[in-house]
Amino acid sequence: MSTYTALTKATYKANVRDVATVFFTFAFPLVFLVVFGTIFRGQEVGDTGHGYVDFIASGVLAWGMASAALFGVAFTLMQWRNDDLLRLIRLSPASFGSVIGARYTIALALGLAQVVLFIGVAVSPFFGMRVGPQPWLVVPAVVAGVTAFMAIGVIIGSVANTPEAVAAISNCVVVPMAFLSGSFLPLDMMPDWLQSFSKVLPLRYLNDATAYSLVGAGDAGDYLTALAVLLGFSAVFLAIGAKVFRWTRES
């Protein structure tokens, strides 16, 4: 068995056995869907032909995927380093790529599972989300989005040494970004300057890619731009993550 395979299996088992992880990965985003879906139920977004729930559902889903990818890798790296697991892994033929690749595989699987569960609930008669003609395009969006936010998680998990520090830094990144990127509130409800500011936030582009693929919001150009920007963020954050990554607390 390769190091990558062993690490992937270990990560999978750790996620499945952790009730809190399962809840915050799958159930917590659904709570936000219920709250915001109920608030904006039946309302239309201007003359777009889309209801607010179409944008809110795709936005909350994007936030859920981003949060799961970021928190998952950040907590894993911090905990493995504190438990000396990373030091032991380093003594094997494992590389930085094997460690991150194993966590990345699980993050992608969780992201796709989130999409299936979330859309299954969002299209119910109560919420009435209308899926667009090309829902399969959400797969590249998941890949690009999970990559970008997992890379941020690598940075946080490398610099934070306690669960409290990981939670504090991660929440300071994800929660404001969710409100400023249109995950919880449609961007057209925000002032122009805030809409412009959202363009420097990676979650804005995951929202755009998810909305286009699932409900047909925007156009193909916006979708491709969103994917390209997310991949650009991924490259930058992964480069930083590789630079600050630590096998032990002392290194």
**OP:** Collect the residues in region 51-87 that are farther than 21 Å from A209 by Cβ and assigned to a helix (DSSP H, G or I), keeping them in residue-number order.
**Re:** A74, F75, T76, L77, M78, Q79, W80, R81, N82, L85, L86, R87
Original post:
Would you say F32 is assigned to a helix (DSSP H, G or I) and within 28 Å of D188 (Cα to Cα)?
Top reply: yes
**OP:** Please give the number of the condition V200 fails out of (1) crowded, with 20+ Cβ neighbours inside 10 Å; (2) farther than 19 Å from F71 by Cβ; (3) out of contact with any Lys or Arg (no Cβ under 8 Å at 6 or more places or on another chain).
**Re:** (1)
**OP:** Please list, ordered by first then second residue, the pairs with beta carbon atoms under 7 Å, 6 or more apart or interchain, first in region 215-230 and over 11 Å from R204 (Cα atoms) and modelled with pLDDT under 90, second crowded, with 21+ Cβ neighbours inside 10 Å and among the hydroxyl-bearing types (S, T, Y).
**Re:** V215/S58; G218/Y212
Subject >> helices (runs of 4 or more DSSP H) lying entirely in region 134-214 (those with 1 or more residues that are β-branched (V, I, T) and under 14 Å from the mean Cα position of the chain (by Cα)) >> reply: 138-159, 163-180
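The values are calculated or read from the model by the stated rules, or taken from the named source; none is laboratory data. On a predicted model such as this, the values are computed, not experimentally measured, just so you know. Methodologically, a virtual Cβ is constructed for each residue, glycine included, from the backbone with ideal geometry; neighbour enumeration extends over all protein chains shown.
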